[in-house]
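Okay, structure first, notes after.
The values are calculated or read from the model by the stated rules, or taken from the named source; none is laboratory data. Being a predicted model, the structure only gives us computed values, none of them experimental. Cβ placement follows ideal geometry from the backbone for every residue including glycine, while neighbour counts extend to all protein chains displayed. Areas reflect the complete protein model, heavy atoms only, side chains present, ligands, DNA and RNA absent. Shrake-Rupley method; radii C 1.70, N 1.55, O 1.52, S 1.80 Å.
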Amino acid sequence: MSELQEVARGLTERRATLGEAVPLLRTAELQAASDAALLAVPGFRRLHAERWDPPLPEPETLAALPVGSFGHAYARYMEHYRLSPDFFPIQTRLGADVTPTQYAVHRLNKSHDFLHVLGAYETSDADEVAVQSFVFGMAPVALATFLAEAAVHPDIQHARYKHLRDIYEGHIQAEDFERGAAASALLGERLETLWEVPLERLRQRLGITARAPEHLGRGGENSCGGFTAIPFFTATRAI
């Protein structure tokens with residue numbers, strides 16, 4: 001096990017908060033270890049070299065895809081929760097000098113709602129901690145970088161970002177960390193080319209295991225978006 005993996009797993013095992021993890025993962029040594037780990041993920045090196053960053057299709061285009069497909073489920077999820085892409089306040093870095101970790105921050109930020117759908121996470125405050133724990137399992141330094149930069153963004157004090165501000169006090173969830181660690185291949189995928197793939201098949205391809213029944217469909221308040229609805233995912237409807 002690498003030093004980076006040891007640190008991330010150790011933080012998870014002692015149920016550290018996401019905020020506590022940030023300074024511990026921001027060292028130059030672990031940043032370098034993160035870059036190396038990301039470049040070892042199949043497909044990621046090429047994505048980084050290309051600075052791959054395709055636009056999202058129109059919601060109507062995705063909604064017209066076959067029922068059960070990744071794109072159709074994503075469109076329905078976004079409509080269900082009245083969400084729009086690129087919600088979080090974060091600076092985009094795609095220049096020639098962008099490091100693998102910085103590029104991963106951009107990709108994870110852009111694909112945040114994809115991860116909600118792929119991992120069957122709601123938008124509730126509890127599930128936001130869970131999905132960030134999932135990301136922590138995939139790319140702990142990239143998540144720490146995102147959280148460090150978001151914390152000082154001038155917009156973070158806006159009411160719409162209460163959900164995000166509360167994340168720092170959330171304890172890393174072991175189950176979701178392990179789901180993310182098992183799905184690290186996701187980082188090398190061109191997800192925006194996979195809209196027509198059946199969602200369940202895509203989850204299997206990416207190594208995303210099913211959520212525990214007691215966590216699936218976990219609704220509750222969404223203090224960030226200001227909109228709370230019945231859960232999108234249920235035990236009988238995975239999409």
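General observations
- Most mobile listed residue (Arg201, Arg45, Arg218) in the chain, GNM with C-alpha springs under 10 Å: Arg201
- Here the Karplus relation 6.51 cos²θ - 1.76 cosθ + 1.60, evaluated at θ = phi - 60°, turns the backbone of region 93-110 into coupling constants of 10, 9, x, 4, 9, 5, 7, x, 5, 5, 5, 4, 4, 4, 5, 5, 5, 5 Hz, with x for every Gly and Pro.
- Tensor-based shape of region 35-166 (alpha-carbon gyration tensor, a/c under 1.5 rounded, otherwise prolate or oblate): oblate
- Only protein atoms count toward the accessible area here, which uses a 1.4 Å probe; on the chain, the carbon and sulfur part of that area reaches 54 percent.
- Accessible solvent surface per residue of the chain, calculated while the other protein chains remain in place, 1.4 angstrom probe, Å²: 45 Å²
- Residues whose amide H falls under 5 Å from that of Ser69, counting only those 5 or more places apart or on a different chain, are Leu199, with hydrogens built in the peptide plane.
- Shape category assigned to region 33-110 from the gyration tensor of Cα positions, a/c cut at 1.5: prolate
- Cβ-derived FRET efficiency at R0 22 Å, Glu214 paired with Thr17, nearest 0.05: 0.50
- Fluctuation leader among Glu189, Glu29, Glu200 - the chain, Gaussian network, Cα springs under 10 angstrom: Glu29
- Converting phi to 3J(HN,Hα) with the Karplus coefficients 6.51, -1.76 and 1.60 and the offset θ = phi - 60°, region 139-148 yields 8, x, 6, 4, 5, 4, 5, 4, 5, 5 Hz in sequence order, with x at every glycine or proline.
- Of the residues Pro85, Pro55, Pro213, the one that moves most in a GNM of the chain with alpha-carbon contacts below 10 Å is Pro55.
- HN-Hα J in Hz across region 15-32 - Karplus 6.51, -1.76, 1.60, θ = phi - 60°, x for Gly and Pro: 6, 5, 7, 4, x, 5, 6, 4, x, 6, 9, 9, 6, 4, 5, 6, 4, 5
- Global form of the chain, assessed from the alpha-carbon gyration tensor, a/c cut-off 1.5: rounded
- Rounded to the nearest 500, the helix-only mean residue ellipticity at 222 nm of the chain stands at -14500 deg cm²/dmol, with each DSSP H run of n ≥ 4 adding -39,500 (n - 2.57).
- Estimated distance in nm for a label pair at Thr234 and His171, the labels positioned 7 Å out from Cα along Cα-to-Cβ: 3.1 nm
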